[in-house]
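Novice: Below is one structure. I have some questions about it.
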Amino acid sequence: MGGISIWQLLIIALIVVLLFGTKKLRSLGGDLGGAVKGFKSAMSSEEEKKAIEDSASEKTAQTEENKTESKDKDKEQV
């Protein structure tokens, strides 16, 4: 008791199909799929931007370290 059986789910699905029709449900499914795709692509593009920013900041830090090392070497040679 308390759970929804497969028969109850089938009856609910049949009522929904009768109320809305297959064409409207098909278009609703397509719209929902498009929204999920858009959300996933937006999330992946945000992650890519973050990765690019992180790599750029690492490169900047490395070049600053290299400049500092070269200045130290120049001072030692003098």
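The values are calculated or read from the model by the stated rules, or taken from the named source; none is laboratory data. None of these values were measured; they are calculated from a predicted model. As a convention, Cβ positions derive from the backbone with ideal geometry for all residues, glycine included, and neighbour counts pool all protein chains shown. We work out accessible area using only protein heavy atoms, side chains counted, and drop any ligands, DNA or RNA first. Shrake-Rupley method; radii C 1.70, N 1.55, O 1.52, S 1.80 Å.
Novice: For ILE15, state whether it is β-branched (Val, Ile, Thr) and exposed (fewer than 10 other Cβ atoms within 10 Å of the Cβ).
Specialist: Details: β-branched (Val, Ile, Thr): yes; exposed (fewer than 10 other Cβ atoms within 10 Å of the Cβ): no.
When the stated conditions are applied, ILE15 does not pass them.
Novice: So, LYS49, is that one of a type outside the set (Gly, Ala, Ser), under 28 Å from the mean Cα position of the chain (by Cα) and either in a helix (DSSP H, G or I) or at pLDDT below 90 (or both) or not?
Specialist: Values: of a type outside the set (Gly, Ala, Ser): yes; under 28 Å from the mean Cα position of the chain (by Cα): yes; either in a helix (DSSP H, G or I) or at pLDDT below 90 (or both): yes.
Yes.
Novice: Quick one: how many residues across segment 25-35 are open to solvent by 100 Å² or more (accessible area, probe 1.4 Å) and modelled with pLDDT under 90?
Specialist: Just the residues of segment 25-35 that are open to solvent by 100 Å² or more (accessible area, probe 1.4 Å), to begin with: 26, 28, 31-32.
Now drop any that are not modelled with pLDDT under 90, which leaves 26, 28.
So the answer is 2.
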